[in-house]
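So the structure is just underneath, and the comments pick up after that.
The values are calculated or read from the model by the stated rules, or taken from the named source; none is laboratory data. Just so you know, these numbers come straight off a predicted model, no measurement behind them. Glycine also receives a Cβ, built like all others from the backbone with ideal geometry; neighbour counts cover every protein chain displayed.
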Amino acid sequence: MKTFEYDAEDAWVDYVRVDLRRGRSKLRLEWDQDSGGTVEAPRAVLDELRVLDPWTQMRHAH
């Protein structure tokens, strides 16, 4: 469930932030041009994420 989305006029251009929650687990996705982006969550939540990028999946398979 999305609990927050930055929606000012520069949203998705200069800055974006989306907070997601499932049960008690929270995940924050944030991006700006300077930082290149962050993903913040407790380690257990991050460990459960599935990577959809085929390049990353190939590297972990070897």
*Determine whether region 13-26 contains at least one residue that is over 12 Å from the mean Cα position of the chain (by Cα), modelled with pLDDT of 85 or more and among the aromatic types (Phe, Trp, Tyr).*
yes
*Just one of the numbered conditions (1) touching a Gly at 6+ places or on another chain (Cβ under 6 Å); (2) modelled with pLDDT under 85 is not true of Met1; which one?*
(1)
*Residue within region 39-58 that is in a loop (DSSP other than H, G, I, E, B), of a type outside the set (Ser, Thr, Tyr) and at pLDDT 90 or above present*: yes
